[in-house]
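Scroll down for the structure; my scribbles are underneath it.
The values are calculated or read from the model by the stated rules, or taken from the named source; none is laboratory data. Quantities reported herein were computed from a predicted structural model and do not represent experimental measurements. Because the Cβ atoms are built from the backbone with ideal geometry, glycine has one as well, and the counts that use them run over all protein chains shown.
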Amino acid sequence: MHESDIPYENLTPDVILDSVENLGLLSDGRFLALNSYENRVYQVGIEDEQPIIAKFYRPNRWTDAAILEEHQFADDCVEQEIPLIAPLSFNQTTLHRFSDFRFSLYKRYGGRAPNLDNPEHLEWLGRFIGRLHAVGSRFPFQHRLTLTPATFGHASLKFLLENNFIPDEIKHNYQLAAQQVLEIIDQQFSSYSHLPLIRLHGDLHVGNILWTDKGPHIVDLDDCMMGIAMQDIWMLLSGSETEMVVQLNAIIKGYSQFYDFDPASLNLIEALRSLRLLNYSAWLARRWHDPTFPLNFSWFNEPRYWEEQLYTLREQIEKMQATQILSFYSS
């Protein structure tokens, strides 16, 4: 393994603290690593003030322009009083460099996970997402990814196959199932190509929502992208079909107050879920050289993992081939 294969080897405690102090803040010498794998995120103590959050970007992942687009999207939302945690500006910029690392700083916010069984919470989240999408629809990203079958599906399968992550005894059947999944996804995305592409959060699961008595605060726009609106909704649905109907109707009740909801997008929920499955496996594979990943995802790249993935892909084929689900939503 080359030194360059270990992306954060030189991100020492001194570098973490010195990078913050280089912006004029006085650290109290304490820091705490927070739960993050793609980037490195720390709570850093500041003398006589509240701690701040320092996010160090994975080297060579995003261009500066792509990161600054993320920051601009956050600022656009904050200007509209949308409760999204945006980076702090120092020296008239939000993207900083120190010791070959790029980083940004944020205020620290607390909170708990939302209660997705509470219709009021879901409607509140729907209003938030609708407002977010109203801002996101104003103009496109120029430097971020677009969620398509090619970028998140075909490219993921290609990487897994070419880099021999799938065990030989499973590889043939996995490839057949994944290719069938992608054929259906291609057809469905083509059938609903009229759905507009807008700026999205891109990874809006409950782990990226901090809930307080004042409602939600949304964190981590690191995966913001262009895509269809449903990408920021479907990950909040869980349970039986009946339960998901209730959840979806509560979300859309709030969402539609601020942005139009196209029921046709319901027919792409399982396609989006399938793309996430493929992309997640490829993400783990692409990061496997980072020592943090084998340590925290030890179950990945074991035969049992790929057997479960094969089973899940076959389930997704059945779900995507099922009758169209426009009746899933009752206006």
Members of region 72-87 that are crowded, with 16+ Cβ neighbours inside 10 Å and either touching a strand residue (DSSP E or B) at 6+ places or on another chain (Cβ under 7 Å) or at positive phi (or both)
73, 74, 77, 83, 84, 85, 87
Going residue by residue through region 56-65, is there one that turns out to be assigned to a helix (DSSP H, G or I) and either assigned by TED's automatic domain parsing to the domain that holds residue 271 or not aromatic (Phe, Trp, Tyr) (or both)?
yes
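Report, by residue number, each residue of region 186-220 that is of a type in the set (Lys, Arg) and farther than 17 Å from residue 147 by Cβ. Steps first, answer last, please.
First pass over region 186-220, keeping only residues of a type in the set (Lys, Arg): 199, 214.
Across region 186-220, the qualifying residue is only 214.
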Pairs with Cβ under 6 Å, 6+ apart, first in region 302-320 and surrounded by 12 or more Cβ atoms within 10 Å (Cβ to Cβ), second part of a helix (DSSP H, G or I) and among the charged types (D, E, K, R)
319/270; 320/270
Step by step: first the residues of region 110-139, then only those that are in a loop (DSSP other than H, G, I, E, B) and out of contact with any strand residue (DSSP E or B) (no Cβ under 6 Å at 6 or more places or on another chain), then the one that is surrounded by the fewest Cβ atoms within 10 Å (Cβ to Cβ). Which residue is that?
110
Scanning region 199-233 for residues that are crowded, with 19+ Cβ neighbours inside 10 Å and out of contact with any strand residue (DSSP E or B) (no Cβ under 7 Å at 6 or more places or on another chain), which turns out nearest to residue 111 (Cα to Cα)?
220
Counting only residues that are assigned to a helix (DSSP H, G or I) and out of contact with any Gly (no Cβ under 9 Å at 6 or more places or on another chain), how many does region 249-268 have?
7
Among the residues of region 175-227, which ones are closer than 18 Å to residue 273 by Cα, part of a loop (DSSP other than H, G, I, E, B) and in contact (Cβ under 8 Å) with a residue 12 or more places away in the chain?
192, 195, 197, 201, 202, 203, 204, 205, 223, 224
